[in-house]
1. What is the residue count in the range 57-76 for residues that are out of contact with any helix residue (DSSP H, G or I) (no Cβ under 9 Å at 6 or more places or on another chain) and in a strand (DSSP E or B)?
2. Picking from 3, 72, 46, which residue would you name as being surrounded by fewer than 10 Cβ atoms within 10 Å (Cβ to Cβ) and on the phi < 0 side of the Ramachandran plot?
3. Of the residues that make up the range 79-88, is at least one without any contact (Cβ under 8 Å) to a residue 40 or more places away in the chain, more than 22 Å from residue 23 (Cβ to Cβ) and over 16 Å from the mean Cα position of the chain (by Cα)?
4. Looking at 79, 103, which one is modelled with pLDDT of 95 or more and in contact with a helix residue (DSSP H, G or I) (Cβ under 9 Å, 6 or more places away or on another chain)?
5. Filtering the range 34-43 down to residues that are surrounded by 15 or more Cβ atoms within 10 Å (Cβ to Cβ) and within 16 Å of the chain's Cα centre (by Cα), which residue is farthest from residue 101 (Cα to Cα)?
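The values are calculated or read from the model by the stated rules, or taken from the named source; none is laboratory data. Quick caveat, the model's predicted, so the values are computed rather than measured. Methodologically, a virtual Cβ is constructed for each residue, glycine included, from the backbone with ideal geometry; neighbour enumeration extends over all protein chains shown.
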């Protein structure tokens, strides 16, 4: 294959509110973190282990305004986009790096008006999407989404 691909698809819970920054000319950018969880059972101890990864999400212009209006901390969202790494000089003079997901498409999976967290009007989505977890308070991280335990080949 001679081409390359830079594509990311994530389903996760917002870790904070969407923060907008407006530029001259009316354009804006929205930023928010989402958390994805991976759960497995430790075969030696039988303990259920959950690992959380945090992802920096970036949306632009109208999409950013829609996200700010309809999303809140703890909401479940599907995002699709590409990875982008950027660098800048910190106040201490050191070069800093961050990797972000530049969003090209998204779907809200939580509905603030529906306490079950299921999207309205889509019966298939209601059956397949996990229920909404309560919104975290303070500095709590979003609760992991329970998924059926799958047999894995982890040695621990």
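1. Total satisfying the criteria: 2.
2. 3
3. no
4. Selected residue: 103, the only one of 79, 103 that is modelled with pLDDT of 95 or more and in contact with a helix residue (DSSP H, G or I) (Cβ under 9 Å, 6 or more places away or on another chain).
5. Restricting to residues being surrounded by 15 or more Cβ atoms within 10 Å (Cβ to Cβ) and within 16 Å of the chain's Cα centre (by Cα), the top hit is 37.
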